[in-house]
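Single-structure report; data block below.
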Amino acid sequence: MTPRPIRQLVPAFEVSEGAGVTVHRSIGTPALRNLDPFLMLDHFGSDNPDEYIAGFPDHPHRGFITFTYMLDGHMAHRDSMGNRGDLKAGGVQWMKAASGVIHSEMPQQTNGLMRGFQLWINLPARDKMSAPAYQEFSAAAIPELTLNGARVRVLAGAFGGQRGVIDDPATDVLYIDVSLPPSGRFSEPLDDARNAFVYVFEGDARLAGEPLATHTLAVLGSGDTIELAAGSAGARFILVAGRPIGEPVVQYGPFVMTSREEIEEALADYRAGRLVKAKATLAGH
Ligand code: FE
């Protein structure tokens, strides 16, 4: 048994997104452009409405998946597929933009805490121009288990005999939220066929013996287990893994394709009002 070590530490830094929402970005920064198949990780967390109230009015995506996990707060989602989502604390949303979606994500609160993550997952070239799809589940639908005092919520993929609510066939994504009690330990199998990262968002921890601060993303190296120990205040983190795609990544803002020509096409389609090619129906609730 070899614990997967820390291969790289990426402190999140503040950027302004949407109409002026403060987020903490780790993947998708100069220090870590992407971690195949992951393109971006934003952590939003603020109890100051000025930092989130403007939300994310209508904007396009093409070529990948957005995966949103709400920890606190309430956001409404509307998209060109006709979906109307209602994201509340503990709920998840998986939106395969693929050939093109225009959507908005707007806060439904004027004060209080808004906290969560948005992860962008790349699609293989063969799926980039496929039809969009949508999955959304509320907190009550998400399987939870207890492992040696740790509370684990399984959002996507299979873990500890549970199957997460989100099924991500292209890159076999595992996404779990783990809460460890003070000095709690988490030691589980995690093979290295998938790229993986840990992001601690409460407390602090040691990963494979190395200190891991809050709001710092750790990219995992090679091994076959994950070993994490919480500090004296406990720790809460997400662990995400996905099968690498191994294709070129050409990104221009919200369009992620495999060549410059495809980006030009996306821009031309968007300007001409033909980015949205397909409608899909709502799965989940
Ligand atoms: Fe978006």
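The values are calculated or read from the model by the stated rules, or taken from the named source; none is laboratory data. In this text, all values refer to a predicted model and were calculated from it rather than measured experimentally. All Cβ positions, glycine included, derive from the backbone under ideal geometry; neighbour counts span all protein chains shown.
Being away from the ligand (no atom under 14 Å from the Cβ), charged (D, E, K, R) and under 17 Å from the mean Cα position of the chain (by Cα) is true for just one of Lys96, Lys88. Which residue is that? Spell out the reasoning first.
On the way: Lys96 fails: away from the ligand (no atom under 14 Å from the Cβ).
Of Lys96, Lys88, the one residue that is away from the ligand (no atom under 14 Å from the Cβ), charged (D, E, K, R) and under 17 Å from the mean Cα position of the chain (by Cα) is Lys88.
Which condition number in (1) assigned to a loop (DSSP other than H, G, I, E, B); (2) under 30 Å from Glu261 (Cβ atoms) is the one that Gly90 fails?
For Gly90, the failing item is (2).
What about Arg7, is it basic (Lys, Arg) and away from the ligand (no atom under 14 Å from the Cβ)? Steps first, please.
On the way: basic (Lys, Arg): yes; away from the ligand (no atom under 14 Å from the Cβ): yes.
Judged against the criteria, Arg7 is a match.
Could you grab me the full set of residues in region 100-127 that are more than 16 Å from the ligand (Cβ to nearest atom) and polar (S, T, N, Q)? Spell out how you get there, then give the answer.
Of region 100-127, the ones more than 16 Å from the ligand (Cβ to nearest atom) are 108-113, 115, 124-127.
Across region 100-127, the qualifying residues are Gln108, Gln109, Thr110, Asn111.
Kindly list the number of the only condition in (1) within 28 Å of Pro60 (Cβ to Cβ); (2) of a type in the set (Ser, Thr, Tyr); (3) under 23 Å from the mean Cα position of the chain (by Cα); (4) not in a strand (DSSP E or B) that fails for Thr214.
Tallying (1) within 28 Å of Pro60 (Cβ to Cβ); (2) of a type in the set (Ser, Thr, Tyr); (3) under 23 Å from the mean Cα position of the chain (by Cα); (4) not in a strand (DSSP E or B), Thr214 fails exactly one: (1).
For region 37-54, does any single residue satisfy the condition of being within 13 Å of the chain's Cα centre (by Cα) and at pLDDT below 95? I'd like the intermediate steps shown before the answer.
Narrowing region 37-54 to residues within 13 Å of the chain's Cα centre (by Cα): 37-44.
Now restrict to residues that are at pLDDT below 95: 44.
Yes, some residue in region 37-54 is within 13 Å of the chain's Cα centre (by Cα) and at pLDDT below 95.
Within the bounds of region 42-51, is there any residue that is touching a residue at least 40 places away in the same chain (Cβ under 8 Å) and closer than 21 Å to Leu123 by Cβ?
yes
Residue-by-condition table, conditions (1) polar (S, T, N, Q); (2) outside any strand (DSSP E or B); (3) at negative phi:
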position: His43; (1), (2), (3): no, no, yes
position: Asp50; (1), (2), (3): no, yes, yes
position: His59; (1), (2), (3): no, no, yes
position: Ile65; (1), (2), (3): no, no, yes
position: Thr68; (1), (2), (3): yes, no, yes
position: Arg78; (1), (2), (3): no, no, yes
position: Met81; (1), (2), (3): no, yes, yes
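Could you tell me which residue of region 48-83 is surrounded by the fewest Cβ atoms within 10 Å (Cβ to Cβ), considering only residues that are of a type in the set (D, E, K, R) and within 14 Å of the ligand (Cβ to nearest atom)?
Among residues in region 48-83 that are of a type in the set (D, E, K, R) and within 14 Å of the ligand (Cβ to nearest atom), the one surrounded by the fewest Cβ atoms within 10 Å (Cβ to Cβ) is Asp58.
Looking only at region 244-271, which residues are of a type in the set (Ser, Thr, Tyr), away from the ligand (no atom under 16 Å from the Cβ) and not in a loop (DSSP other than H, G, I, E, B)?
None; the set is empty.
In the list Gly91, Gly28, which residue meets the criterion of being in contact (Cβ under 8 Å) with a residue 40 or more places away in the chain and on the phi > 0 side of the Ramachandran plot?
Details: Gly91 fails: on the phi > 0 side of the Ramachandran plot.
Criteria check complete, one pass: Gly28.
Here is a check on your reading of the model: is Ala233 outside any loop (DSSP other than H, G, I, E, B) and surrounded by fewer than 23 Cβ atoms within 10 Å (Cβ to Cβ)? Talk me through it step by step, then tell me what you get.
On the way: outside any loop (DSSP other than H, G, I, E, B): yes; surrounded by fewer than 23 Cβ atoms within 10 Å (Cβ to Cβ): yes.
Yes.
Taking Arg78, is it basic (Lys, Arg) and in contact (Cβ under 8 Å) with a residue 40 or more places away in the chain?
So Arg78 fails the test.
Are any of the residues in region 116-123 in contact (Cβ under 8 Å) with a residue 40 or more places away in the chain, under 21 Å from Gly253 (Cβ atoms), part of a loop (DSSP other than H, G, I, E, B) and under 17 Å from the mean Cα position of the chain (by Cα)?
yes
Give region 126-175 a look and list any residue that's assigned to a loop (DSSP other than H, G, I, E, B) and hydrophobic (A, V, I, L, M, F, W, C), or say none.
Within region 126-175, the subset assigned to a loop (DSSP other than H, G, I, E, B) is 129-132, 138, 142-143, 148-149, 157, 160-161, 164-165, 167-173.
Matches in region 126-175: Met129, Ala131, Ile142, Val165, Ala170, Val173.
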